[in-house]
Each structure stands twice: as C-alpha cells, then as structure tokens.
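Participant: Mind looking over this structure? Questions follow.
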Amino acid sequence: MNGGTGNMRRASYREAVREAIREAMFKDERVFLMGEDVGRYGGCFAVSKGLLEEFGPERIRDTPLCESAFVGTGIGAALGGMRPIVEIMTVNFSLLAADQILNNAATYLHMSGGLFNVPLVIRMATGGGKQLAAQHSHSLEGWYAHIPGLKVLTPATLEDARGMLWTALEDPDPVLIFENNTLYNMEGELPPDAGPVEIDKAKLRRQGRDLTIITYGASLFKALEAAGDLAKEGIEVEVIDLRTLRPLDDETFLTSIAKTHRALIVDEGWRSGGISAEISARIMESAFYELDAPVERLCTVEVPLPYAKHLEEAALPQVDKIVPIARKMVQING
Amino acid sequence: MNAEATKKQKKMKIERDHGLHLLRQMLRIRRLEEKSAELYSATKIRGFLHLYIGEEAVAVGVMEALTPEDAVVATYREHGHALARGMSAGAILAEMYGKQEGCCRGRGGSMHLFDDKTRFYGGNAIVGGGLPIAVGLALADKMQKKDRVTCCFFGDGAVAEGEFHESINLAALWQLPVLFVCENNLYAMGTALELSESVTDLTRKAAGYDVAARAVDGMNVLEVEAAAKKASAGVRSGAGPYFLECRTYRFRAHSMFDPELYRTKDEVEEWKSRDPIPNFIDRLKKQGLLTDADLEQLEREAAMEIGEAVAFAEACTCEPVEDLTRFVYSERRKV
C-alpha cells in the first residue's frame, strides 16, 4: 500500500528479517549467516532465500544437522573476531545446543573474569499456531530469559524484525532473537529508511486507562485485537510490547500500571515458572499498592502442543480468552 | 619399551638446550600439580581439582608445535596446558585460591583457566563442550585468512560425546585448521575405554571422517612433539584438521574425590614405570645431555617458581563482593 503514506512500503515480517540480514552483511564483512538449510534451501521459513546467490557460500553457510556444533562454532567464531548470525530452525531444536548456549555463550565472560565476551547472535523460530505439534511449536524464550549472560529479544512488529538484528550484532554479548513463526507472513508498512532500533526498552503499542496488557511476540496482535474489541465496550486497554525478555524493562510496565492499576500478562509460554510468573512477581514487588485487582495471567495451557487445529487453538492464548479476563478485571474495584 | 620404539628414540636427535627446555616444562607442571594437591589437602584450594600428573609429556610436546598466535582450547584438567602455554604459575594458583589476581579473578577456579594474552580459551568442564568452540575459532581464522592453528585438547571420554562427532565432521567438511589432540588416558573418569567405546582404536573414528590421524606414545615427550609438529604444519598449510591421539595415563585419582575402585594398583604401577619425566631424564643422561647438576638446578628453579607462586597466591586479595555481578554482561556497550 502506497497511498496516504507515500514513503512507506509494503513488506512482510520475513522480508524485514531478510533485509536486516542483508544490511548487516553489507555493513560489516565479519558478519556471516550459518545454520541448517540457510543457503541452498533458502531457510526453512524462507527468510534467507536468495542470500546465498548474493553473498556466496563462505558467508551463507549451510551446516550439517548438528545444533551443538554449529552453535558452538558460532561462539568460537565470535571469540575469533567474526560476527556470526546463527540460525536454529526452531526453539525446540535449540535444546540440542543448550549446552553451548548455557554453559559456554552465557558463561564465558563472567567465568573468565571479563576476558572473553561472545558477540554472537542466534535467531530461531518460536511459537505454536501452525499445527506443527509438540516438537516444533513451543515457546521457550521465557526459559532462556532465565539465564544471566544472555539477552533475549522477541521482535513482534515489522520495525523490530527489521531493526533489532543490527543492534544485536553490535552488542558485545550473546543475543537470542526469537521470531514467532506465525508472524513471517504478516505484512505491513515499513518506512524506506527502516533501520536499527534500540533493544533495551519495552514499547507502549496502545494507550489506555483501565487495564494494562503486558505481552510480546505474536500475542501482541491478539492483545491489540482484544483491546479493539474491548474499546467498543468502553474499556480502554493499554498494551505493552515487552520486545526484550532479558533484561526486562520493568519501568515501562510499572509506569503503565501506576496509571491503569490493573495488569494482565499474555504469554505464549507455559504458566508455571515462566516469564509471566517473573513479571507478575516484579509487579508484586514494585507496584503492589498500585493494584486495584489481582494480576492475571493468560498463558498456553500446560500441555505439549497438540497437532489438531481445535486442540492447538484451545491451548494457545486467543483474543476470545483475553476479552473476558479483561472485562472481569475492570469490574473489580480495588 | 619395545625394540622398535627404542630404535625410533635413538633416531630422534635432540639438542641439549631443547632437551633441558622440555624437561624443565614437564618438571614445572609436575611440581605445580604436587603443590596443588598439597594445598588442596590444606584446604587452600577447594572445588574440583584434577591433576595432570603422568600426562605432562602431552601438553609439553604439543605446545612446542604452536606459535603464540595460535589458540588453545583445553579441558578441566588443564593446569599443565596453561603453564606450558605460558601462563604464570602465580596467576594459575591465585585462580585456584579464588583470588582476584587469579587469571579469571577467582571466578573460574581450577577447571576454568582462561588467558587472552596466550589465546587460552579455557578450562572447559563440560566434556566435549570445548570442541565446537575450537572449530569456531578455526573457522574465524580461515575466514579472516589468518594462518593460525587452533589446538583442542580433550580426553578419551569426549570421544563418546556427540559434540566430538559433530565437531570433527564440521572441521573436516569445511577443512578448518584444528589440531584435535585426544589425551587418551584410558578412563572417562572411572569408566574404562573398552566400557565406553565399541571401537577402542580412536584413530579409526577420525579416519571415518576422512581426517588424518595418528596415535603416539603420550609418555614420550619427543614423540609427542615430533608428531604434533608434523600435524600442526599440515593443519597450518591448509590441509584440514588433524587428529592426534596421545596414549597416556593419569597417575593420580580422577579428582580429589576418587577412591579409584575401577583400576588396579598393578596397572597404575606399570604405567608409572613409564613416567615421562624419569624416562626422559634417563635418556638425556645417557646421551650426555644432562648432568646431575643440571637436574638439581632445574629442580631448584621449579621449586623456586612454585614457591613464589604460592607466596603470590597467599598474598592475593579477594574480589570485593560488590563486583560479583560484573562481567555478566560487557561493560562496553558495543563490540
């Protein structure tokens, strides 16, 4: 769509990520992309399609199926002066590289007394909603956010898909970027000069006065849709996109809660021990007396994600689950 | 020693200075390790402590094949590698004391010695976990067209880990300059090689990845050195990775918590008769390259160095607790 906003251009989330990779490859010759099927296949979600032809096999490296080795190789290459972008097909597969991510990437700087930082970026797909069942659909970004030494980014918008990568590459420490697989086909507008964005702050995506929804990733759009529906009932919902799960930007959601006095966390991860629990605890610690209602959480039902469409939909956070919780919360008068 | 090995040894000519250098390096490691054990018993050192006694010829021989620009990735039994690579005994001991003057400010301890000046990338205590890092360091060198070698030490236990197979495959596939040095001391902690591996000739595993491989007597520093030099020359010239198996033995327990139920005293004694240090001393003496006075001097120097290192560690200070969370993330904002 070019009307109205003449300078804007149409792009998909997938294209935004691809543009970000291309930009990084042009800007810094130390940058290269490595992972399973990133080259000849074009990426399992077609993110890197065409990049092999453009940059050649030295910089767009197809790897064997060996998550631990190629993630560790990324760590070593980062230590050796390169700026690797490692792609892991899905977060479930990243568990095969959990040793390298947790025991090496996250520990080296502290364990070496500050000698060796690891400027590595790992991108991976996350999330359910595509009927890929229990070994391709989980949302473990909150789990990685448990680990000191890592930074965990969850770009939801096109701007963030386009802009977070370069900032992550400039970061001296390991950064994990989680791309929700339901977003790759999402289309929207990007300014022609779209570029790097900061990665330290959450963002207010919709203003409101009655309730704060704190969310990230694909759930952001469900929250925004729910907020639209609730507005028709006169309920004004503020929606915060966390953008980064580690370090968490407490200030942005606490400021919002000081205004709305109600907080609902929508998280595609599981409830027990998840990032929603962490956010809730921080609200209790820092904004307890601001609350007019108990903090609520809407998370994925605690099951391995099933294949059947109706079951998967029932397991994931949905707009029609957000709305009644929000409605109930604003009826409570603290 | 069999007749062929004796013949081979005789063929290996050695300069006096170099012979003394190799002996000095092995003695320094031996005395450092003995002192570490003593300090552990005195509770000056805590945590896990894995001693390299018996295996000195491997680190000393291999380090001779490396340049200062090369990189080293080692295991949790790495005091000897660190010392042979050029790290100071003081920085190593202070680290084991948990002091901020230690090479890692006391955050790593015995199992995690790191040093940027000598490109020493740990001190890695997840068996097999260092191999992918070595592959990555080598990839960085290759992409940056640097003629450097990454030397990766690991034990026979690591060969059972997936990371070994993934890493050697990747290094071979991409023809990366990695010198894989397998320190085969016959036991993965307490599990004998034949209880771990369906194929106990480990060089055959490397051959399966089309990687040049050789096994050497890891108790013979000259043999290790010669093989490592040949291997590293090939690796440096772009011939791809190399797998060097050094057959060795650890004389002490796996760590300080090991009653050694899994091996016999006879076996240990038999291997001790092949101790790399006395055997090398005998050889140097027989060749007229070493006098008793030389040996006394080497021992005196080693004792003095280790004594000074202990005094240094004793005088070191603790990192302030306020600094506990420093270096979880870099203090520089950008790379």
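Participant: Stokes-Einstein diffusion coefficient for region A:93-173 at 37 °C in a medium of 0.692 mPa s, Rh from the Kirkwood formula over Cα pairs: what value in µm²/s?
Facilitator: Here the translational diffusion coefficient equals 233 µm²/s.
Participant: Continuing with the same structure: In whole Hz, what ³J(HN,Hα) sequence does region A:265-270 give by Karplus (6.51, -1.76, 1.60; θ = phi - 60°), x for Gly and Pro?
Facilitator: Each residue's phi maps through the Karplus curve to give 9, 10, 9, 6, x, 6 Hz.
Participant: Same structure, new question: With 10 angstrom as the radius, rank A:111, B:304, A:329 by how many other C-beta atoms surround their C-beta, starting from the fewest.
Facilitator: Ascending number of Cβ neighbours within 10 Å: B:304, A:329, A:111.
Participant: Let me check I have the definition right: for region B:1-143, take the eigenvalues of the Cα gyration tensor, multiply each by 5, take square roots. What are those semi-axes in whole Å, largest first?
Facilitator: 27, 21, 14
Participant: Right, next: Taking the simple approach of a point 7 Å from Cα along Cα-to-Cβ for both residue A:251 and residue A:302, what is their distance in nm?
Facilitator: 3.5
Participant: Let me ask something additional. Starting from the exponent 0.38 and prefactor 2.2 Å, build the expected Rg for region B:13-316 from its residue count and divide its actual Cα Rg by it.
Facilitator: 0.95
Participant: With a Cα-only, solvent-free Debye model of region B:219-284, what are the log10 I(q)/I(0) values at q = 0.29 Å⁻¹?
Facilitator: Values returned for q = 0.29 Å⁻¹ are -1.21.
Participant: Wrap a convex hull around the Cα atoms of chain A, take a quarter of its surface area, and give that in square nanometres.
Facilitator: Projected area, direction-averaged: 17.3 nm².
Participant: Now for a separate question. How many angstrom lie between the C-alpha centres of region B:214-262 and region A:253-327?
Facilitator: Region B:214-262 and region A:253-327 have Cα centres separated by 55 Å.
Participant: Right, another one. Compute the length gained on full extension between residue B:330 and residue B:299: take 0.36 nm times their separation in residues and subtract their Cα-Cα distance, giving the result in nm to one decimal.
Facilitator: 6.9 nm
Participant: Right, here's the next one. To the nearest 500 deg cm²/dmol, what mean residue ellipticity at 222 nm is calculated for chain B from DSSP H runs of n ≥ 4 alone, each contributing -39,500 (n - 2.57), summed and divided by the residues?
Facilitator: Result for chain B, helices only: -14000 deg cm²/dmol.
Participant: Moving on to the next point. Using a Gaussian network model of chain B with C-alpha springs under 10 Å, which one of B:214, B:46, B:263 is most mobile by mean-square fluctuation?
Facilitator: Top of the fluctuation ranking is B:263.
Participant: Still on this model: Taking only the C-alpha atoms, wrap a convex hull around region A:9-190 and report its volume per residue in Å³ as a whole number.
Facilitator: Per-residue hull volume (Cα only) is 103 Å³.
Participant: Do any GluC sites (Glu not before Pro) in region A:25-114 lie in a DSSP loop with no more than 16 other beta carbon atoms within 10 Å, and if so, which?
Facilitator: A:29, A:58
Participant: Moving to a separate point now. Explain nothing, just the number: relative contact order of region B:13-316, from Cα pairs under 8 Å at least 6 residues apart, as a whole percent.
Facilitator: After rounding, I find 24 percent.
Participant: So for the pair residue A:22, residue B:264, with labels modelled 7 Å out along Cα→Cβ, what separation do we get in nm?
Facilitator: If labels sit at residue A:22 and residue B:264, their model points lie 7.1 nm apart.
Participant: Sticking with this one: Using just the helices of chain A, give the 222 nm mean residue ellipticity in deg cm²/dmol: DSSP H runs with n ≥ 4 each add -39,500 (n - 2.57), and the total is spread over all residues, rounded to 500.
Facilitator: Per the formula, -10000 deg cm²/dmol.
Participant: Out of B:40, B:262, B:209, any idea which swings most in a Gaussian network model of chain B, alpha carbons joined below 10 Å?
Facilitator: B:262
Participant: For chain A, with a Gaussian network of springs between Cα atoms less than 10 Å apart, report the residue from A:112, A:276, A:139 with the top mean-square fluctuation.
Facilitator: A:112
Participant: Let me ask another. Counting only other chains, and only Cβ atoms inside 10 Å, what mean value do you get across the residues of B:164-174?
Facilitator: So the per-residue partner count for this stretch is 4.
Participant: Something else about it: Can you tell me what percent of all Cα-Cα pairs in region B:257-297 are more than 11 Å apart?
Facilitator: So the pairs more than 11 Å apart make up 71 percent of the total in region B:257-297.
Participant: Using only Cα atoms, tell me the angle between helix A:67-79 and the longest principal axis of chain A; keep it within 0 to 90° and round to the nearest 10.
Facilitator: Taking Cα atoms only, the helix is inclined about 80 degrees.
Participant: Another question about this same structure. Can you compute the FRET efficiency between residue B:323 and residue B:42 using 1/(1 + (r/R0)^6), with r the Cβ-Cβ distance and R0 = 25 Å? Round to the nearest 0.05.
Facilitator: So the FRET efficiency works out to roughly 0.40.
Participant: Looking only at Cα atoms, what is the convex hull volume of region A:203-331 per residue, in Å³?
Facilitator: 98
Participant: When 1/r is averaged over all different Cα pairs and the result inverted, which Kirkwood radius in Å belongs to the protein assembly as shown?
Facilitator: The Cα-based Kirkwood calculation yields 27.2 Å.
Participant: Still on this structure: Calculate how steeply helix A:219-232 sits against the longest principal axis of the alpha-carbon atoms of chain A, using the helix alpha-carbon long axis, and give the answer as 0 to 90 degrees to the nearest 10.
Facilitator: With rounding to tens, the tilt is 30 degrees.
Participant: A further question on this structure: Quote the relative contact order of chain A in percent (integer), defining contacts as alpha-carbon pairs under 8 Å separated by 6+ residues.
Facilitator: 16
Participant: Quick one: compute the contact order of region A:203-331, relative version, from alpha carbon pairs under 8 angstrom and 6+ residues apart, as a percent.
Facilitator: 29
Throughout, read-outs are computed from the coordinates displayed, never taken from laboratory work. These numbers were taken from a predicted model, which means no experiment stands behind them. A quick note on method: Cβ atoms are made from the backbone with ideal geometry, for glycine too, and the neighbour counts reach across all protein chains shown.
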